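To start, the structure itself, in structure tokens.
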Amino acid sequence: MFPGDVIAAHDLSRNTVIEALGNVYIFGDVRNSRIAATGSIFISGKVVDSELYAGGYGATHNRLCSFTELVAKEVAGLREAARHLAETVESTVQTVKYGLVIMLLLESKYAHLPRMIRDMQELLSGMSTDYPQDTKILKHLMEFF
């Protein structure tokens, strides 16, 4: 995330991500990249298999997509770690309370996850009501967490 305009005087290679709180100017081709700007995006070359998000809507949509993917990845990691930990404890012929395993992991390895959930809730609550996609289910899941 860059707090102003971004100027790239060359081609953008694969998997380049640019997030700017201003305009983005690219003097070359863009391939397999994601560009989000609260302002405008200018590209002098070709654009292939890329995602471009411009203006307030574009920046919000990009943040929502990126952040949702990150939160989903972390929750999947939490579930997998909880499963492994529960299996390890059960292998010693002890009973396991899954909720306690989750709490233990949230207090240690995944201590950052509650903050990520709160950040996601803030992003969702600050979104305009004219956003074209329904976010009710996502909001409900964040409240659940």
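Numbers for the structure displayed
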read-out: Solvent-accessible surface ranking, highest first, for ILE137, ILE41 at 1.4 angstrom; value: ILE137, ILE41
read-out: Calculated over segment 12-98: convex hull of Cα atoms, volume per residue (Å³); value: 100 Å³
read-out: Average accessible area per residue (Å²) across the chain - probe 1.4 Å, nucleic acids and ligands excluded; value: 65 Å²
read-out: Net charge dipole size for the chain [Lys, Arg +1 and Asp, Glu -1 on Cβ; Debye, nearest 20]; value: 180 debye
read-out: Protein-only accessible surface order, largest first, of VAL96, VAL17 at 1.4 Å; value: VAL17, VAL96
read-out: Over segment 4-92, relative contact order from alpha-carbon pairs under 8 Å, at least 6 apart, %; value: 19 percent
read-out: Check: segment 69-143 dipole with +1 on Lys, Arg Cβ and -1 on Asp, Glu Cβ, in debye; value: 160 debye
read-out: Computed E for SER91/HIS112 - FRET, C-beta separation, R0 30 angstrom, nearest 0.05; value: 0.60
read-out: Net +/- balance of residues flanking VAL89 in space, Cβ distance below 14 Å, scoring K and R +1, D and E -1; value: 0
read-out: Helix-only CD estimate at 222 nm, as mean residue ellipticity for the chain, using -39500 (n - 2.57) per DSSP H run (n ≥ 4); value: -15500 deg cm²/dmol
read-out: Highest-MSF residue in the chain out of LYS109, LYS73, LYS97 [GNM, Cα springs under 10 Å]; value: LYS97
read-out: Using distinct alpha-carbon pairs, which all enter the 1/r mean, Kirkwood radius of the chain in Å; value: 17.7 Å
read-out: Global geometry of segment 22-65, whether rounded, prolate or oblate, following the gyration tensor of its Cα atoms and the 1.5 cut on a/c; value: oblate
read-out: In segment 25-67, the trypsin sites (Lys or Arg not before Pro) that fall in loop regions by DSSP, at most 12 other Cβ within 10 Å; value: LYS46
read-out: SER33 accessible area, assembled protein chains, probe 1.4 Å, Å²; value: 10 Å²
read-out: Farthest toward positive dipole pole in the chain [+1 Lys/Arg, -1 Asp/Glu at C-beta], among VAL17, TYR53, LEU105; value: LEU105
read-out: Degrees, to the nearest 10: 113-125 long Cα axis against longest axis of the chain; value: 50 degrees
read-out: Exposure ranking of ILE18, ILE35 by accessible area [1.4 Å probe, largest first]; value: ILE18, ILE35
read-out: Sequence-distant residues sharing a close amide H with GLU19 (under 5 Å, placed H); value: PHE2, ALA36
read-out: Förster radius 30 Å - calculated FRET efficiency between SER128 and PHE42 (Cβ-Cβ, nearest 0.05); value: 0.75
read-out: Hydrodynamic radius (Kirkwood) for segment 62-145, which is based on Cα pairs only, to one decimal in Å; value: 14.3 Å
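The values are calculated or read from the model by the stated rules, or taken from the named source; none is laboratory data. Keep in mind that what you see is a predicted model, and the values were worked out from it rather than measured. Positions of Cβ are generated from backbone atoms using ideal geometry, with glycine treated the same way; all protein chains shown enter the neighbour counts. We work out accessible area using only protein heavy atoms, side chains counted, and drop any ligands, DNA or RNA first. Shrake-Rupley method; radii C 1.70, N 1.55, O 1.52, S 1.80 Å.
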